[in-house]
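Novice: Before anything else, here's the structure in question.
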Amino acid sequence: MHWLHIAANDTHTWYGVHAKRGLDAIEEHGILPNRTGVLVHDCWAPYWRLDDSIHALCNAHLLRELLHLTETTSQSWPQAMSDFLLTADKLRVAARDQQIVFSDNDVRAFRTVYDNIVSEGELLNPEIANAKGGRAK
């Protein structure tokens, strides 16, 4: 059994096959450790070990996780975050189509809404330590 690893940008897609799935494979392939730009990913732990990276989480993966939380908890913040992300994306597309750049005030307003939703989620789901002293899932 081998793993298929993929890295892509706007114009190219690279595929590599490796017996391992984690950081060993990432380092042997040499693509991600030598890339430039933002590393957009699904929050898989080995990606976070690429310390020199600017990380961004994939919204498709976030929306999937938020849907799961909406369906399995009685909390309202996951749906609020999903609605916010989808609305922000629609506004981004409309602004781009009209060649409008968001002002600093616009960005602050987005950030305020985002931070308020995150704060609600954190309040309802405080971080707890696991038995080994590390962060629990």
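The values are calculated or read from the model by the stated rules, or taken from the named source; none is laboratory data. Keep in mind the model is a prediction, meaning the values are calculated, not measured. Cβ placement follows ideal geometry from the backbone for every residue including glycine, while neighbour counts extend to all protein chains displayed. Ligands, DNA and RNA are stripped out before the accessible areas are found, and what is left, the full protein with its side chains, is counted by its heavy atoms. Shrake-Rupley method; radii C 1.70, N 1.55, O 1.52, S 1.80 Å.
Novice: Quick one: Arg96 ticks every box in (1) open to solvent by 80 Å² or more (accessible area, probe 1.4 Å); (2) under 15 Å from the mean Cα position of the chain (by Cα) except a single one, so which number is it?
Specialist: With (1) open to solvent by 80 Å² or more (accessible area, probe 1.4 Å); (2) under 15 Å from the mean Cα position of the chain (by Cα) applied to Arg96, the lone miss is (2).
Novice: Mind listing just one residue for me: the one in segment 49-69 that is free of Cβ contacts under 8 Å to residues at least 24 places away in the same chain and either assigned to a loop (DSSP other than H, G, I, E, B) or more than 30 Å from Gly22 (Cα to Cα) (or both) and, of those, nearest to the chain's Cα centre (by Cα)?
Specialist: This residue is Cys58.
Novice: What about Gln75, is it of a type outside the set (Asp, Glu), open to solvent by 60 Å² or more (accessible area, probe 1.4 Å) and either part of a loop (DSSP other than H, G, I, E, B) or more than 20 Å from His5 (Cβ to Cβ) (or both)?
Specialist: In short, no.
Novice: Looking only at segment 125-136, decide whether some residue is open to solvent by less than 90 Å² (accessible area, probe 1.4 Å) and either touching a His at 6+ places or on another chain (Cβ under 9 Å) or assigned to a helix (DSSP H, G or I) (or both).
Specialist: Checked against the condition, which is being open to solvent by less than 90 Å² (accessible area, probe 1.4 Å) and either touching a His at 6+ places or on another chain (Cβ under 9 Å) or assigned to a helix (DSSP H, G or I) (or both), segment 125-136 yields no hits at all.
Novice: Output the qualifying pairs, or none if there are none: Cβ atoms under 9 angstrom, residues six or more apart or on different chains, first residue in segment 81-92 and at negative phi, second residue aliphatic (A, V, I, L, M) and open to solvent by 80 Å² or more (accessible area, probe 1.4 Å).
Specialist: Ser82/Leu67
Novice: Test Arg64 against the stated conditions and say whether it is charged (D, E, K, R), within 30 Å of Glu122 (Cβ to Cβ) and modelled with pLDDT under 90.
Specialist: Judged against the criteria, Arg64 is not a match.
Novice: Ok, one more. Which condition number in (1) touching a helix residue (DSSP H, G or I) at 6+ places or on another chain (Cβ under 9 Å); (2) open to solvent by 80 Å² or more (accessible area, probe 1.4 Å); (3) under 27 Å from Leu23 (Cβ atoms); (4) part of a helix (DSSP H, G or I) is the one that Pro46 fails?
Specialist: Of (1) touching a helix residue (DSSP H, G or I) at 6+ places or on another chain (Cβ under 9 Å); (2) open to solvent by 80 Å² or more (accessible area, probe 1.4 Å); (3) under 27 Å from Leu23 (Cβ atoms); (4) part of a helix (DSSP H, G or I), only one is false for Pro46: (2).
Novice: Hey, another quick one. Name the one entry in Ile26, Ile31 that is in contact with a helix residue (DSSP H, G or I) (Cβ under 9 Å, 6 or more places away or on another chain), farther than 30 Å from Gly121 by Cα and either open to solvent by less than 60 Å² (accessible area, probe 1.4 Å) or modelled with pLDDT under 95 (or both).
Specialist: Just a single option satisfies the conditions, and that option is Ile26.
Novice: Quick check: anything in segment 68-88 over 21 Å from Val118 (Cα atoms) and not aromatic (Phe, Trp, Tyr)?
Specialist: no
Novice: For Leu124, which of the numbered conditions (1) touching a residue at least 24 places away in the same chain (Cβ under 8 Å); (2) under 20 Å from Ala56 (Cα atoms) fails to hold?
Specialist: It is condition (2) that Leu124 fails.
Novice: Looking at Trp14, is it of a type outside the set (S, T, N, Q), over 30 Å from Gly121 (Cβ atoms) and loosely packed, with under 15 Cβ neighbours inside 10 Å?
Specialist: Yes, satisfied.
Novice: Now for a separate question. Return only the number of the condition from (1) in contact (Cβ under 8 Å) with a residue 12 or more places away in the chain; (2) more than 30 Å from Ala109 (Cβ to Cβ); (3) of a type in the set (Val, Ile, Thr); (4) not in a strand (DSSP E or B) that Thr36 does not satisfy.
Specialist: The failed condition is (1).
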